[in-house]
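What follows is calculated from the coordinates using simple rules that are stated; it is not laboratory data. Given the structure is predicted, the values throughout are model-derived calculations rather than measurements. Backbone-built Cβ (ideal geometry, glycine too); neighbour counts: all protein chains shown.
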Amino acid sequence: MEKAPERNPAGPAGHPDPAAGDGAPRAGEASDGVAGGGPGGPAPGVAPAVAPGAPQAAVPAVPQAASPAVPQPGVPVAAQAAAPAGQGQEAGAGRDLQLVVVTGLSGAGKTQAIHALEDLGFFCVDNLPPALLAPFAALCRQPDSPVRRVAVVMDVRGGDWFDQAVEALQELDQAGVFYRIVFLEASDEALVKRFKETRRRHPLAPQGRLLEGIRAERQRLGALRGRAHVILDTSELSPRQLRERIAQLWGGPETPRLIAHVVSFGFRYGLPADADLVFDVRFLPNPHYVPDLQPLTGLDDRVRDYVLRWPSARRLLEQLQDLLDFLLPQYINEGKTQLTVAVGCTGGQHRSVVIAEALAAHLRNQGHRVLVEHRDVERSLAERAQGKRG
């Protein structure tokens, strides 16, 4: 539903009121394959809640998922704050074998993911029946086994066998096998497009009713998704980008450290579907209303200097840094391997980019592995250019 454009009341010293928006309508639907348009993703314009542990008045932080609880054996933890697998293990137990379980929606990129793991030196098995998972892991843990890094794909192609997947993972827990689950998903639009391009049938849509098959698969995979350590939304990822993401997670010889994925975005294009924490910075003074800064982005020094000159921006940044300094060690201790921190303004061109870059630099200085993505910069610039031509 389209909202009226925001007014631009004058702020201090002739600058715009910090409460004003980007001057563009906030309606805007997510395009095909946009992460924010995926299932379960909040609609643009939904008022977010305050992030866990953040002062409400000072930090406009919004977690997409709840603060992670301490995992208990046999109790799946919801969605993106999933518990570490094996859930009953002590730290370091069973790490003689590094096992990655790749699963997720058909068409979301599991084949590309397993190929990437194979290139990283993993021994890979595609479409392994769940009942064979624990015996296979036991075989690989034998003293004379030639492999110590193993990746397997389990998905609905296994038919009724796939219903044993959760039970198979519980067997790994009982055996003390250390494993990680990576769950790949994408929006309905992206999956439909991919199936049409490849002309392949969906395994749960033998009669050709593609959307029904996709939705049935989402429902069937719900329990497994809830146990995942890494959830990757591939709606907007190319095969190369997906392989790079896998390499960043499992490129080293040991169990990967947590990777902080810091993404800037525009609320009018929808929230990133895989975000763990969402910070809303639309209250900051907006460079959109400064003519010389309007065509620039948050990667330009002039825009960065403008945004960070305001006390509210500097205070926000300090408190977000303190919050992340507290949260990341907690997530690492829980066994989380990827944390997606999303920073949003109206169009994703100015303010969110500045704050995202500053947070990424801080996290790097703290010794964390950081991946930065500015999701909507090019899209926002293109829309502005089209508006000028029109």
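Results, tabulated for the structure shown:
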item	result
Long-range amide H partners of Val263 with built H, under 5 Å	Val341, Ala342, Val343, Glu373
Region 89-256: equivalent-ellipsoid semi-axes (sqrt of 5 x gyration tensor eigenvalues, Cα, Å)	28, 18, 13
Arg220 versus Asp305: modelled label distance in nm, points set 7 Å from Cα along the beta carbon direction	5.9 nm
Convex hull (Cα only) mean projected area of region 232-390, reported in nm² to one decimal	10.1 nm²
Qualifying trypsin sites (Lys or Arg not before Pro) in region 235-309, DSSP loop, other Cβ atoms within 10 Å at most 14	Arg257, Arg309
Arg148 versus Leu371: modelled label distance in nm, points set 7 Å from Cα along the beta carbon direction	2.5 nm
Interchain or long-range residues, amide H under 5 Å from Ser187's placed H	Ser235
Segment Ser312-Gln241, length gained on full extension (0.36 nm per residue, minus Cα span)	22.0 nm
Zone residues, region 272-301, relative to Leu381, backbone N less than 14 Å from point 7 Å out along Cα-to-Cβ	294-301
Other-chain or far-sequence residues with amide H under 5 Å of Arg180's (modelled H)	Leu99, Val100, Val101
